[in-house]
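The block underneath contains the structure these notes are about, expressed in structure tokens.
The values are calculated or read from the model by the stated rules, or taken from the named source; none is laboratory data. These figures come from a predicted structure and were not determined experimentally. Please note: Cβ atoms are built from the backbone with ideal geometry, for glycine as well, and neighbour counts cover all protein chains shown.
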Amino acid sequence: MRAHAFFGIIRNMQKTTIKVGAFEVNCTILSWGDKAWIVDPGSEATRIAALLVKAGLTPEAILLTHAHFDHIGAVPGLQQRWPQLPVYVHKGDDMVLTHPLNSFPPDYPPIDRPKNIKDALTLNGENGVKVIETPGHTPGGVCYYFAEERLLLSGDTLFCGSIGRTDLPGGDFATLKESLKRLTALPDDTTVIPGHGVATSIGYEKDANPFLI
């Protein structure tokens, strides 16, 4: 059974998170008025686009926490619908995007280099976001933090009770541990939406996650 989307109004920002694709990536749509950002559109471009249209939202950007195939699969379809849509990704993951091993056919075929790529770090300050560099799972992993809303989109850096794997090309456990220290400095009441699985909080993870204790 497909998990339902969940909706929440956070002060001036609305968020919608849905699970997409065989790997059930948490794709989050953040919106302000009729404008939206799409975070980690891993698959099901048609479904994501339909959700945006139904809500009367115009996407202004795709934000990637990292460039693994299960987080980028819907990028081509969304850019076909909105050709000028920029894709923000850290430069450290530039080679990951089109690496021949960065696919999982038939559900996740290799994709061409997306058009209109921009450096994720240039988003700092836009709509109140802070881009936190968190390499380790991939060389260019980032998290998106909204201080006013106490919201962190952690990608595959931090999960509820666990952390991202580091045995894939470009992964490094020691580097990831250093990245996690940056996240534990955030307020305990920060809600964390990870790349997979259920939402959690920084405080809970500091108390219960064996990799953070």
message = Anything in region 37-64 that is surrounded by 24 or more Cβ atoms within 10 Å (Cβ to Cβ), aliphatic (A, V, I, L, M) and more than 17 Å from residue 14 (Cα to Cα)? List them, or say none.
response = 64
remark   = Pairing a residue in region 147-174 that is closer than 19 Å to residue 25 by Cα and in contact (Cβ under 8 Å) with a residue 12 or more places away in the chain with any residue that is surrounded by fewer than 18 Cβ atoms within 10 Å (Cβ to Cβ) and small (Gly, Ala, Ser), where Cβ atoms lie under 6 Å and the two sit 6 or more apart in sequence or on different chains, gives 159/197; 160/197
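Considering every residue within region 200-212, establish whether at least one is in a loop (DSSP other than H, G, I, E, B) and among the aromatic types (Phe, Trp, Tyr). Let's see the steps before the verdict.
Start the filter on region 200-212 by keeping residues that are in a loop (DSSP other than H, G, I, E, B), which leaves 209-212.
From the residues that got through so far, the ones that are among the aromatic types (Phe, Trp, Tyr) too are 211.
The answer is yes; a qualifying residue exists.
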inquiry  = Pull out all pairs, ordered by first then second residue, where Cβ-Cβ is under 9 Å, the residues are six or more apart or on different chains, the first lies in region 90-111 and is among the aromatic types (Phe, Trp, Tyr), and the second is surrounded by fewer than 16 Cβ atoms within 10 Å (Cβ to Cβ) and in a loop (DSSP other than H, G, I, E, B).
reply    = 104/22; 108/22
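Going by the structure shown, is residue 98 surrounded by 14 or more Cβ atoms within 10 Å (Cβ to Cβ) and at pLDDT 95 or above?
Values: surrounded by 14 or more Cβ atoms within 10 Å (Cβ to Cβ): yes; at pLDDT 95 or above: no.
Spelling it out, it is not the case that residue 98 is surrounded by 14 or more Cβ atoms within 10 Å (Cβ to Cβ) and at pLDDT 95 or above.
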